[in-house]
1. Taking each residue in B:44-52, count the Cβ atoms of any other chain within 10 Å of its Cβ, then average. What number comes out?
2. At B:Lys161, with labels set 7 Å past Cα in the Cβ direction, how many nm apart are the copies from this one, shortest first?
3. Along each of its three principal axes, how wide is the spread of alpha-carbon positions in the protein assembly as shown, in whole angstrom units, largest first?
4. Based on alpha-carbon centroids, what's the gap between segment B:70-122 and segment B:276-296 in Å, whole number please?
5. Restrict the search to segment B:160-227; then list the trypsin sites (Lys or Arg not before Pro) that DSSP places in a loop and that have at most 10 other Cβ atoms within 10 Å of their Cβ.
6. Just tell me how shielded B:221-229 is by partners: mean number of partner chain Cβ atoms within 10 Å of each residue's Cβ, no decimals.
7. Filter the GluC sites (Glu not before Pro) in segment A:15-66 to those in DSSP coil with at most 10 other Cβ atoms within 10 Å of their Cβ, and list the result.
8. By the scheme Lys and Arg +1, Asp and Glu -1, what is the net charge of all other residues having a beta-carbon under 10 Å from that of B:Cys271?
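We did not get these values from a lab; they are worked out from the coordinates using the rules stated. In this text, all values refer to a predicted model and were calculated from it rather than measured experimentally. Glycine also receives a Cβ, built like all others from the backbone with ideal geometry; neighbour counts cover every protein chain displayed.
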2 protein chains.
Amino acid sequence: MSLLVVGSLAIDTIETPFGKVENVLGGSSTYISIAASYFVTPIRLVGVVGGDFSKDYIKFLEERDIDLEGLQIVKDGKTFRWGGRYHFDLNVRDTLYTDLNVFEHFNPIIPDSYKKTTYVCLGNIDPILQRRVLEQIQKPRLVVGDTMNFWIKGKNAELKKTLKLLDVIILNESEAREITNEPNLIRASKAIMNLGPRIVVIKKGEHGALLLTANTIFSAPAYPLENIYDPTGAGDAFAGGFIGWIAKTDDISDENIKRAVVYGSTLASFCVERFSLDRFKDLSYLEILDRFREFRDLSKFDDTLTS
Amino acid sequence: MSLLVVGSLAIDTIETPFGKVENVLGGSSTYISIAASYFVTPIRLVGVVGGDFSKDYIKFLEERDIDLEGLQIVKDGKTFRWGGRYHFDLNVRDTLYTDLNVFEHFNPIIPDSYKKTTYVCLGNIDPILQRRVLEQIQKPRLVVGDTMNFWIKGKNAELKKTLKLLDVIILNESEAREITNEPNLIRASKAIMNLGPRIVVIKKGEHGALLLTANTIFSAPAYPLENIYDPTGAGDAFAGGFIGWIAKTDDISDENIKRAVVYGSTLASFCVERFSLDRFKDLSYLEILDRFREFRDLSKFDDTLTS
């Protein structure tokens, strides 16, 4: 099965209470692709970087079997740069700067060899660009999209047009509430379904994730991490683990979507254990399988009615 | 098995986006007792009310087999009264008034017939009074205590003395963080264990509940309610379902404590479906068992490694 990922590639500078890293690899499509690459390869990546994008980053992506035919390199431009600082409470962060650079005029061009792709994951980019991607490809089996409050506020009408084309929307708790103006997450999820996606996945960070389909509600716990070094990219790693598992198994039944949510949670839980994408430098598939099984035990109880 | 519940009884006035009720039954010991009464009876209640406490409330408690020998009735006093208004986002509420009345000088006197009690649940009252209860009784098998930010801020040293005497502390997410000054809930739970309780239960409202013991971490989902009419008392109904199940089964193994967390979640989920304690007027044990089983399905996934 083939998987196309479109989104940003970035050079990040990140401060957390546990340290600071400068000019490290970031971007939504990067986290999504690397996480998905544990399940299906090659991953077809479409994005844009500048001439300053390190050869080491290219090498890292290639080693994880990411196909870079769709990566545009603007030699005389600079890569999208983001700087952020997390508070002692890691749920709170300040964006220090956002320099879009070459990403500002990103036009996703899908190479001919990518036009027949079974699974598509649209990272958090302008909803107009998300649609432009879909216009260039043959109807895929499943389209997963991410978004963020920036587009909910700034391009709401465009976002709603894009939502009609998505099978799955992955978004976080506050975004789900904002997009629907509905504080109750179950009602918000159903309202989002009325906007298009038939599968809604709500990421709740330390509270796990919620899945709603027409026939199922599923609640996945969060992995009980005591040491979170860097939350950056966790949501994208979630999306990558989610769509990676689905592409690997080519099974979009509710039962398998539940497993995909747990694989998403698993990849996100590894992601935050180190800065940037560092945890994926030595993460093995076996570790992923072990943690997947730990997730089961986290919410398992003996439902005998009398003890 | 016997269960002693100590806490407030109140007359509440509650506004939510779905309506308003005036002068309805409230109070922590009330919710705890009523919820626990589905599992074990009679419940031994210790609390105080004024001469204005309606005979209908007495009758309702007696019908649920609550033993009122320990209920002090101050004929010429007024019952504790609380008024609150919930916002469109039910997670936000304003306290409109708190008239302590006879509750201000509440001195929990444990009747002789209650002094040998297997299980004790201390509702949210002054930590000094919680200790005074424990001083009057023979060592019970398990002591569960609740608290709130008011005592964490205002009587921190006294609260810490009380924590040393508790086996189980039930508290909500923000309280767990506040008591330990630790935003990570897993680390906060472990820090609370160092203060005394060997079992920590963190209520997370719409995100479910978290249980930590020396050997177990358990994550219970929330029941996916679309219509929450009145969140008042949900935390106390949780505590009542939790300790009620433990008292019924007389089993304090980790596995059974997990089930107790799910029964607590079950009773809390019913509680919020109507105003005040109204849902318990016709709730049957069979409905509780059905919902308990639904909780299992909510977080269940087939962990086959390939589909």
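1. Working: counts 0, 0, 0, 0, 0, 0, 0, 0, 0.
So the per-residue partner count for this stretch is 0.
2. 6.9
3. The Cα atoms of the protein assembly as shown stretch 85, 43, 42 Å along the principal axes, largest first.
4. Their Cα centres are 24 Å away from one another.
5. Taking segment B:160-227 and a limit of 10 other Cβ atoms within 10 Å, the loop trypsin sites (Lys or Arg not before Pro) found are B:Lys164.
6. Details: counts 9, 5, 3, 10, 3, 8, 3, 3, 0.
Partner Cβ neighbours, averaged per residue: 5.
7. none
8. So the surrounding residues net to -2.
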